[in-house]
Amino acid sequence: MKTAHARDVGGRAEQQDQAATFAAPDGSGWLLLVADGMGGHQGGAAAAAEALRTAERLWRGCDGRPSHPQDFLKQLFHQTQSALWDPDAAPERRPGTTLVALYSDGERAWWAHCGDSRLYHFEGDTLRQRTRDHTRVQQLVDAGMIREEDAATHPDQNRLMQALGAMDAIRVEYGSAVLTRASRFLLCSDGFWSQILPVEMATLLEAPDPGRHLPRLVAEAARRGGPRGDNVAAAILWPEGASSGRAYRRPMLLGLVLLVALAILFWPLD
């Protein structure tokens, strides 16, 4: 597998988004994560950075080979929460962060999330699933009160129901999938997914070298956000050396056209 990550400060004065990728020394596993420090709370950047420090410590502790991946992710989230939670602090002074993380051993992927940073799972150019935001807007979408495509621009988009460090009891959701040669994953903060359509994500992940193009798409998300736009962060995982479905279909189509042309050219005339 191959990985890449990128960030952009967007229209903010401070970068509170974090993104990171880690690889096991023997190339047997990969860890990706995106954390979005809560802009309405002091110390949002520090909270996101704490999530990365916790991830790196746990990753080094198991030499990049967690024996129980879901338990590893559970430790990551709950140890970050323990490091951030201060019951004596006033709510407006508590540092908080969203977090989405993925671990893969090359055959399977496990992920977890808390907040509204998302994971998108593609098979080729088909979106198979994405994490569900822990937000008021996601509740409205699930209840059928607003459309999915209106979530990014809803006035309550940033109203989080869950975040690490910002509340005592957190809810972490988990998922997993068996990998194929077409499996691709994108993790991102809301500054990315609110500006970039899933079809654009699929196009990125189907490119011959997604890692080279990721910074451009992150910069495009920041550009679309405008002068008052959010921070942007994203990380991707894709199979090394895998050709896209489009790459296969295009030569097949050209070959078919050529065969038809030759058949017409050399068809015996009466």
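So the values come out like this:
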item: Any hit, segment 110-117, residues being under 20 Å from T54 (Cβ atoms) and in contact with a Gly (Cβ under 7 Å, 6 or more places away or on another chain); result: yes
item: Hits in segment 205-216 (condition: over 13 Å from the mean Cα position of the chain (by Cα) and either of a type in the set (F, W, Y) or part of a helix (DSSP H, G or I) (or both)); result: E206, P210, G211, R212, H213, P215, R216
item: Failed item in (1) touching a strand residue (DSSP E or B) at 6+ places or on another chain (Cβ under 9 Å); (2) within 20 Å of A235 (Cβ to Cβ); (3) without any contact (Cβ under 8 Å) to a residue 60 or more places away in the chain, with R57 passing the rest; result: (1)
item: Test: residue in segment 202-220 that is polar (S, T, N, Q), modelled with pLDDT of 95 or more and over 30 Å from P87 (Cβ atoms); result: yes
item: Subset of segment 156-181 (residues that are more than 25 Å from R224 (Cβ to Cβ) and in contact with a helix residue (DSSP H, G or I) (Cβ under 7 Å, 6 or more places away or on another chain)); result: M161, L164, G165, I170, V172, Y174
item: Among the candidates F72, F22, residue that is crowded, with 17+ Cβ neighbours inside 10 Å, touching a helix residue (DSSP H, G or I) at 6+ places or on another chain (Cβ under 7 Å) and either without any contact (Cβ under 8 Å) to a residue 24 or more places away in the chain or not in a helix (DSSP H, G or I) (or both); result: F22
item: Some residue of segment 7-15 being in a strand (DSSP E or B) and either within 27 Å of L217 (Cβ to Cβ) or touching a strand residue (DSSP E or B) at 6+ places or on another chain (Cβ under 9 Å) (or both); result: yes
item: Count of residues meeting criterion [farther than 22 Å from Q195 by Cβ, of a type outside the set (A, V, I, L, M, F, W, C) and touching a Cys at 6+ places or on another chain (Cβ under 9 Å)] in segment 125-167; result: 1
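The values are calculated or read from the model by the stated rules, or taken from the named source; none is laboratory data. Here the structure is a predicted model, which means the values were calculated and not measured. Neighbour counts run over all protein chains shown; Cβ positions are idealised from the backbone, glycine included.
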